[in-house]
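The values are calculated or read from the model by the stated rules, or taken from the named source; none is laboratory data. Every value quoted in this text rests on a predicted model; they were computed, and no experiment measured them. Please note: Cβ atoms are built from the backbone with ideal geometry, for glycine as well, and neighbour counts cover all protein chains shown.
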Amino acid sequence: MPKLSLPRVVLKWLGVVMIAAWSLLPIGLIVMSSFKSDRDIFSLTSRFQFMPTLANYELLWSRWGDFFHGLWNSLIVTVGATVLAVLVSLLAGFAYSRHSSKVLQGSAFFLIFIRLIPPIVITLPLFPVVNWLGLNDTHIILIVLYATFFVSLGTIVMRTFIDQIPRELDEAAMMDGATQMQIVWRVILPMAAQGMLAVAVFVIVYAWNEFLFAFIFTTTRAKTAPLVISEMIGAVEGVEWGVLFAASTVQLLPVLAFVILMQKHLVAGLTAGAVKG
């Protein structure tokens with residue numbers, strides 16, 4: 001493998017540093033501002049030199065109890081949507097990988113097409129249907145919507161992974177009397193675990209931070225954390241920026257830590273399907 005010249009190495013690392021700064025600087029400013037007093041947040045002289053305080057987190061706990069209830073709702077919806085999306089994507093990916101027909105090929109293009117449609121286009125027509133079914137302000141409607149929104153991408157990812165699993169394993173299991181579902185659970189699932197993890201990360205990040213569906217279909221009982229943060233911005237008594245940054249930090253750090261921990265598996269999951277055995 002040819003070695004890179006010094007200028008190319010420098011440009012490569014410069015690009016990495018610029019991308020990291022572009023991604024991490026806003027996050028760092030949010031976290032840092034959550035430990036500042038309101039007068040220091042927008043002060044140029046106190047941008048990096050300030051006395052840290054936990055007052056914003058104390059005010060968040062005492063004045064915005066709804067935020068922590070919203071975090072719990074976000075957790076319920078995220079877990080439910082992830083489980084549903086991963087299971088459906090696994091089954092659909094198996095069907096696309098192991099069966100071939102003109103109908104399936106056409107539906108594969110349809111999956112890609114509907115993924116390009118903005119969510120707002122389908123949200124408004126869905127509202128009267130959801131209202132008629134009595135699913136407004138429930139966890140179920142958010143779980144179904146979030147999972148549905150990512151099943152198309154998840155199916156394509158899972159099909160790519162299952163394509164790499166030799167069909168001979170399926171045939172051997174069928175000779176032993178295994179049904180299609182037993183093949184999926186006992187043969188395909190263990191060998192496609194990285195692909196399932198990749199799909200799960202996408203769904204978790206999306207569901208944890210999603211705002212539009214939650215804004216339209218929930219009011220009180222199933223209200224998620226991003227919705228409560230938006231209420232902080234529109235508070236009648238004015239925006240408490242320190243509390244807002246504290247809430248943003250609490251809402252951001254769990255999913256950020258999860259993505260960092262799962263980064264190795266996510267990259268392996270996204271690239272394994274591109275390598276032919």
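Some observations on this one:
- Screening residue 36 with (1) in a helix (DSSP H, G or I); (2) crowded, with 18+ Cβ neighbours inside 10 Å gives one miss only, at (1).
- Count of segment 208-230 residues which are in contact (Cβ under 8 Å) with a residue 24 or more places away in the chain and either touching a Pro at 6+ places or on another chain (Cβ under 6 Å) or in a helix (DSSP H, G or I) (or both): 12
- Every residue from segment 73-115 that is at pLDDT 80 or above and either outside any helix (DSSP H, G or I) or small (Gly, Ala, Ser) (or both): 74, 80, 81, 85, 89, 92, 93, 95, 97, 99
- Some residue of segment 47-61 being at pLDDT 85 or above, of a type in the set (A, V, I, L, M) and surrounded by 16 or more Cβ atoms within 10 Å (Cβ to Cβ): yes
- Residue match in segment 10-29 (condition: loosely packed, with under 10 Cβ neighbours inside 10 Å, over 31 Å from the mean Cα position of the chain (by Cα), β-branched (Val, Ile, Thr) and modelled with pLDDT under 80): no
- Matching residues in segment 232-249 - criterion: being surrounded by fewer than 20 Cβ atoms within 10 Å (Cβ to Cβ) and without any contact (Cβ under 8 Å) to a residue 24 or more places away in the chain: 233, 234, 235, 236, 237, 238, 239
- Considering residues of segment 144-155 that are under 26 Å from residue 97 (Cβ atoms) and of a type in the set (A, V, I, L, M) only, the residue modelled with the lowest pLDDT: 153
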